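Have a look at the structure below before the remarks.
The values are calculated or read from the model by the stated rules, or taken from the named source; none is laboratory data. In this text, all values refer to a predicted model and were calculated from it rather than measured experimentally. Cβ sites come from the backbone with ideal geometry, for glycine too, and all protein chains shown count toward neighbours. Areas reflect the complete protein model, heavy atoms only, side chains present, ligands, DNA and RNA absent. Shrake-Rupley method; radii C 1.70, N 1.55, O 1.52, S 1.80 Å.
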Amino acid sequence: MRLLSGAAGSGKTTYVLARFREALATGNTSVRLLVPTATMAQHLQNRLAREGFVFRRGQIQTLSGFLRPWTTDLPEVSPPVLHLLVEQAARRVARPEFERVTQFHGFCASLAKTIAEFASAGCDSARLAANLPEVPLGGAFLAVYEEVDRELRRRGLALRGRILTAAAERIEAGGLPGIATIWLDGFHALPDPELSVIAALGKHADLTLTLDEAELGEATLARLGALDFSEEQVRGTRTRNALALIKAPGIEREVEEIARRILRQVEGRPFREIGVIVRAPEIYAPILRATLDRFGIPARFYFDEKLERHPVIRFLAGAMDAMLGGWEHGATLAVLRLAPRFADFGVMDRFDFDVRERIPRSGLGELRSLLIDEDGQPRPYAERLLHKIDSLAALEEWRALELAPRDWAARFATLREIFKPARPADEITHELALQYRSQAAVLDLFDEALDEAAQALHGIRHLPLEDYWRAVKSILRLKPLRLEDGRRNVVHVMSAHEARQWVLPVVFVCGMVEKQFPKFHQQDPFFGDAARCRLNGSGIRVRTAAEFEREERMLFDAAITRATMLATLSYPEFDGRGERNLPSIYLEDLDLPAEDAVAVRPAPRARTGDSAPVEIRNAQLLEYMRHRTAQLSPTALETFLQCPFQYFTQRFLRLKTAPDRPEQRLDFLTQGNVVHAVLAEWWLEPQDLAALFERVFAAQLKEKCIPPGYHTERLRNAMLDDLRRFTSEDPWPKIAFRSQIETKFCFPLDDTVEINGRIDRLDTAPDGRTFVIDYKYSAAQRVKDKLKDASLLQAPLYMLAAQHLNLDAAGMYYVGVKGGIEYAGWSDHPLLESLGVPENWFDITRQRTLEIVRQIRSGRVEVHPADRESCRFCDSKDICRVETQPAAALVQLAEGS
Ligand code: SF4
């Protein structure tokens, strides 16, 4: 047996592949190349196939796959089933140490992980019992492990260590028919059961094992020496690649910079020659996925996704959970939204809004009633939705059943009937094909999860739906999803482990900060490092902190040597909370100057260009607009002044945003309504303010179904405090005036347009002077700012309205009530601090208003905000694409840099 050792990038894999190619070239079918993971195997298969070699898939495969024929009688327990068995075992042994945490998924996941690690190291519960180190949780852990081992034996299942040991014994005894040469490449830790397999293989075949020299501590060398390995060192001949380092202000800019550099690289090479290596996929994979997509860079991700997050599973699991929760409307609506062909269905949108406005409610009957008209007939186009609701209702009868696990699995398998994918369109894009393929794969995995749940519950005669479903959900939570993606010309995004067998011209290694690369080592909760060292002393080779650190370093060395030409490392200076990151300690040795990331955004896919202002030209529509603008309010006119498109979407199209959730309904508008209503009543008839406020507030809560809670209570107290302050400290000489409240007005501006609205308060002095008062439930500064905004029309139009009501309009005040009392206004007879009424204010306002009406009626609907800051509060911000042009400018900046 031969051991090939060498540093990362020294050419061990190159050497092995060269020998493997030579064998294939001579038609030798007795050679095998074994690697640790299925994706590595697939990558090498594809690589050699592309070079023109013809061979059976089995000639390059994983060690587990290779050993399977020797252990068909010992099925390996899957990780989700092991988790369920551990959960059940922990409950059965009921150790007091674990009493308060057994019900937590995370705790059982930790238990299962440590058990799997011990089993892989060849340490079953009996061996652990004989060598148990003294640790506080050691006894309790062992009790659960023994129970899990018993249960596995009872079910005829095995953990990896036992399977490897059995395979080694059988190979040693029976040989390797038809196999003469074996190469093992890409392995980095060799626990005892794997070593015993290697020893058995070496007895019957010419075996070569590659190992990184960083892995070769004294202990490993001694163990390999005892197995008669002869060591050969590989000294790389590959020229050293160039290294670069990028620092970016944050992770978003870091990933955008990687995208920008990839786009530069593809000017001279295909995407497939570029890789991105990620050590912290939970942080980087989602943002890389989104950013590369935004930049139009095709990428293949070699990561498992969470099965439970796939829309098909969210639909099926959501339907079951909604049923068990009594069809709460929010949950049921979310399920219906996930049903195929319902996401962009007009009737569904209206139904969605109707349901949201009524939340919180429950029951399918009430949902159905929203789709039925007064005559008991389905509303237009509502049949499909009614049909879907009926198919969900059919699940109700399951609640009464008690079935055996296998029968539940068979029944749940029919759930896929309620998920009917849409028919494929004529033009299938890659994304669409991937979507269809993923739906089919996920439905198969769902069936697999049902069987695994039945397997884990084996032995229970009958159980209710809830118990079986809980087991299925645990399995769905743990099951990985890896989708087939056969595209060739893509950027490869992979983990540091996966990358070890790749060689690409250009590689990016992102996230070079402490705790990400090197990864933070979390102590095992049951056996700390000292206990692990003692176990190693007893011959049980479980991982210690030192080994973890060594492996991290090895992964880093491997990552930066994957590129034949250029490896670019990158890190964000600040994390998501704005705190400074500590650059990775590994960067210190490289001593590279860091280049700053460039500000960049992708070019818009559909450029708008310098097109002429958008306007409506159709004569009928213009006539309709003229008709609809016969009466206008000052608020509507100010909306147009802020942005014609905002006015068009909100006043003409009457587009609505999705109704708020109950806890969000006490918004600024509703708070303002409460304050206005209280002040209107109190001003005319001063009374017990707290009682009045409670009455008005309670009516609003009831009308809008706003739930009680911390948020509601906080806002209630703030409003009441503001009102108390106003009613006790208001500087306005109330007694000197006669007041009219909530006065409606409508007056003509010319023959074609009238201005209408409602004034909060009109205060008339004995000499006839009248002041217009408008309450604002906003902060003092916002109220004061209105004095500086020359574009506002409300004040002069309200004063014009007062004149049309035959009053002597002497001034207008905005009164801010929130957090303090603020008067801001215009008056020629100042009572409180104010500006003078501007000269010709009413004539100018009349002309401006008529000009606005003319523009509206001429069909002007252009996206043209007067104040970009206010766009934050605009309901149309998601559809107007106001960001498009700055984005285009930024990409030019990047291209020119
Ligand atoms: S977000 Fe701004 S630009 Fe867009 S419609 Fe609203 S106001 Fe106009």
Around Ala299 (Cβ within 10 Å, Cβ-to-Cβ, excluding Ala299; K/R +1, D/E -1) the net charge comes to +1
Value of D in µm² per second that Stokes-Einstein yields for the range 79-157, Kirkwood Rh from Cα pairs, at 37 °C (0.692 mPa s): 263 µm²/s
Residues whose built amide H sits under 5 Å from the amide H of Val513, excluding neighbours closer than 5 in sequence, are Ser584
If you take every DSSP beta bridge fully contained in the range 662-852, what fraction is antiparallel? Give it as a percent rounded to 5. 70 percent
Report, in whole Å, the centroid distance computed from the Cα atoms of the range 643-691 and the range 515-552. 60 Å
Around Leu434: net Lys/Arg minus Asp/Glu count, Cβ-Cβ under 13 Å: 0
The answer for the chain, counting only DSSP H helices whose Cα atoms cover 27 angstrom or more along the axis and whose Kyte-Doolittle average is -1.0 or greater, is 430-456
Which value results for Rg/Rh of the chain when Rg is the Cα radius of gyration and Rh the Kirkwood radius based on the inverse mean 1/r? 1.06
Could you provide, to the nearest whole Å², the per residue accessible area of the chain with probe 1.4 Å? 48 Å²
For Glu328 and Ala222, calculate 0.36 nm times their separation in residues minus their Cα-Cα distance, and state this gained length in nm to one decimal. 31.8 nm
In vacuum, with every alpha carbon of the range 662-852 counted as one equal point scatterer, what does the Debye formula give for log10 I(q)/I(0) at q = 0.08, 0.09, 0.11, 0.18 Å⁻¹? Two decimals, please. -0.29, -0.36, -0.54, -1.25
Between Arg68 and Asn673, the FRET efficiency computed from the C-beta separation at R0 = 41 Å comes out, to the nearest 0.05, as 0.05
Between Rg and the Kirkwood Rh of the range 265-374, both from Cα atoms, what is the Rg to Rh ratio? 1.18
Listed by chain and number, the residues whose amide H is under 5 Å from that of Val278, excluding neighbours fewer than 5 places away on the same chain and using placed H, are Met494, Ser495, Ala496
How many angstrom separate the Cα center of the range 697-751 from the Cα center of the range 301-375? 37 Å
Measuring from a point 7 Å past the Cα of Thr752 along Cα-to-C-beta, which residues in the range 629-671 have an amide N at less than 13 Å? 629-631
Are there chymotrypsin sites (Phe, Trp or Tyr not before Pro) in the range 448-544 that DSSP marks as loop and that have at most 14 other Cβ atoms within 10 Å, and which are they? Phe520
Helix-only [θ]222 nm of the chain, DSSP H runs n ≥ 4, -39500 (n - 2.57) each, per residue, nearest 500: -14500 deg cm²/dmol
Rounded to whole Å, √(5λ) for the Cα gyration tensor eigenvalues of the range 1-67, largest first, gives 18, 15, 13
Need one number: % antiparallel among DSSP beta bridges in the chain, to the nearest 5. 35 percent
Which FRET efficiency value, to the nearest 0.05, is calculated for Arg356 and Ser30 with the Förster distance at 51 angstrom and r the Cβ-Cβ distance? 0.15
Full-extension gain in nm, Ala866 to Asp344, via 0.36 nm per residue minus C-alpha separation: 184.6 nm
Would you mind counting up the charge near Ala200? Only other residues with Cβ under 12 Å from its Cβ, with Lys and Arg at +1 and Asp and Glu at -1. -1
How many percent of all Cα-Cα pairs in the range 307-481 sit more than 26 Å apart? 35 percent
Estimated inter-spin distance, Ala242 and Glu305, nm [label 7 Å along Cα→Cβ]: 3.6 nm
In the chain, carbon and sulfur make up what percent of the accessible area (probe 1.4 Å)? 51 percent
Length gained, Arg406-Asp843, 0.36 nm per residue minus C-alpha separation, equals 149.0 nm
Long-range HN-HN contacts of Ala299 with modeled amide H, under 5 Å: Val491
